[in-house]
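Colleague: Can you keep this structure in mind? I'll have questions shortly.
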């Protein structure tokens with residue numbers, strides 16, 4: 001499927017453009033149609049983008065085609081078609097050779113890093129973010145530079161390199177504060193809270209997450225508030241305040257479902273189950289865990305699925321149901337294997353795309 005997709009895109013973009021390219025205003029009208037579709041369904045936006053590339057291909061400049069394909073890659077990442085996104089991005093990289101401006105590759109490296117991060121391939125993601133950071137430094141605005149630094153901080157956070165992450169997050173927050181950007185300020189405070197949580201300085205984490213929530217509420221950043229609630233729930237749980245932890249986690253789940261972000265509601269649901277396991281004696285936990293496992297499968301959240309199966313094992317062990325605990329252990333190991341296999345497939349797709357690109361460049365040379 002991915003090979004056919006790549007061949008179709010190559011056929012689309014390799015032809016000679018004879019018609020006068022669209023003006024920027026005309027191009028933005030096309031993108032507006034895609035944005036409207038993506039707000040409802042990223043998967044449908046992929047098809048709309050393909051249709052527009054086919055229908056309007058002769059009047060789109062190379063730069064405009066790349067920008068549409070970058071959008072398509074982002075929709076593929078959102079729908080967990082990581083291998084498809086990598087194929088699309090490799091086509092963008094090949095097309096960028098026709099454009100003298102090096103910063104056109106900024107989005108390539110940023111989106112590639114985002115795709116790899118989605119599969120928890122953090123070391124490879126870091127390499128791509130660092131390259132996008134270099135390119136961002138060549139651009140005429142510092143906004144992309146600071147956003148990339150925030151992304152690098154997030155990867156360091158996942159790798160447990162908390163002090164490195166803190167440097168990038170502090171820089172991002174101070175820049176947002178100077179520019180008076182409340183949404184970015186909220187992100188910066190939230191991320192600094194995660195750093196201190198990782199360092200087990202829960203009181204400091206509590207301060208940052210509380211300030212982040214206050215700022216987001218003040219500026220009516222409802223969906224973003226869910227992340228503050230989620231992290232406050234985790235922090236209160238670590239501090240042993242079960243009541244406040246539950247309140248914030250319930251709020252996080254509700255806000256994400258209310259925002260049609262069902263997949264993002266899985267993580268706080270897992271924390272809620274973990275909380276109830278600590279309380280013990282919750283016989284109603286089994287259907288809740290199975291619901292989270294089902295959601296994780298439905299939305300292809302492999303890491304969350306592994307965590308949910310681990311909780312199922314813990315639950316059966318807690319109630320001393322050894323037979324089901326053994327069966328759940330088998331499913332847990334299978335889910336870990338599936339996750340590792342998906343990571344391997346993504347790695348193969350990434351290297352295959354790079355090899356395909358190198359071969360085409362050699363043929364042209």
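Each reported figure results from applying straightforward, stated rules to the coordinates on display, with no laboratory input. In this text the structure is predicted, and so the values were computed from the model without any measurement. Neighbour counts run over all protein chains shown; Cβ positions are idealised from the backbone, glycine included.
Colleague: Rounded, prolate or oblate: which fits region 50-121, taking a ≥ b ≥ c as square roots of the Cα gyration tensor eigenvalues, rounded meaning a/c under 1.5, else prolate when a/b beats b/c?
Modeller: Since a/c reaches 1.5 but b/c is at least a/b, the shape of region 50-121 is classed as oblate.
Colleague: Under the rule a/c < 1.5 gives rounded, and otherwise a/b versus b/c splits prolate from oblate, where does region 102-180 land using the Cα gyration tensor?
Modeller: oblate
Colleague: Under 8 Å for C-alpha pairs, at least 6 residues apart: give me the relative contact order for the chain, rounded to a whole percent.
Modeller: Normalised by residue count, the contact order of the chain is 10 percent.
Colleague: In degrees, nearest 10, range 0 to 90: what is the angle between the Cα axis of helix 302-318 and the longest Cα principal axis of the chain?
Modeller: Value to nearest ten degrees: 10.
Colleague: For the chain, treating each Cα as an identical point scatterer without solvent, what Debye log10 I(q)/I(0) comes out at q = 0.08 1/Å?
Modeller: -0.47
Colleague: Something else now. Among 91, 207, 262, which comes first, second and so on when ranked by fewest other beta-carbon atoms within 10 Å?
Modeller: 262, 207, 91
Colleague: If you average the C-alpha positions of region 105-183 and of region 192-228 separately, how far apart do those two centres end up, in angstrom?
Modeller: Rounded to whole Å, the Cα centres lie 19 Å apart.
Colleague: Let me ask something additional. Obtain the nm distance between the two label points defined at residue 284 and residue 259 by a simple spin-label model: each point lies 7 Å from its Cα along the Cα-to-C-beta direction.
Modeller: 2.7
Colleague: Rank-order 293-306, 237-250 by packing density, defined as the average count of other C-beta atoms within 10 Å over each peptide's residues, highest first.
Modeller: Top of the packing list down: 293-306, 237-250.
Colleague: Test of understanding: ordering 74, 322, 227 by Cβ neighbours within 10 Å, fewest first, what list do you get?
Modeller: Exposure proxy ranking, most exposed first: 322, 74, 227.
Colleague: Do me a favour and compute the ellipsoid semi-axes for region 17-63 from its Cα gyration tensor, root of five times each eigenvalue, largest one first, whole Å.
Modeller: 21, 12, 6
Colleague: Mean-square fluctuation check for the chain, GNM, Cα pairs under 10 Å: which of 146, 342, 283 is largest?
Modeller: 283
Colleague: Can I ask one more? Roughly how tilted is helix 82-95, in degrees to the nearest 10 and between 0 and 90, from the longest Cα axis of the chain?
Modeller: For helix 82-95, the angle is close to 30 degrees.
Colleague: Now, a different point. GNM on the chain, C-alpha springs below 10 Å: top fluctuator among 154, 211, 190?
Modeller: Maximum fluctuation in the GNM of the chain, among the listed residues, is at 211.
Colleague: Also, I was wondering about something else. Choose one answer from 26, 194, 291: the residue with the largest mean-square fluctuation in a GNM of the chain with alpha-carbon springs under 10 Å.
Modeller: The residue with the greatest mean-square fluctuation here is 26.
Colleague: Follow-up question, since we're still on this one. Once fully extended, how much extra length lies between residue 100 and residue 326, figured as 0.36 nm per residue of separation less the alpha-carbon to alpha-carbon distance?
Modeller: Length gained, residue 100 through residue 326: 75.4 nm.
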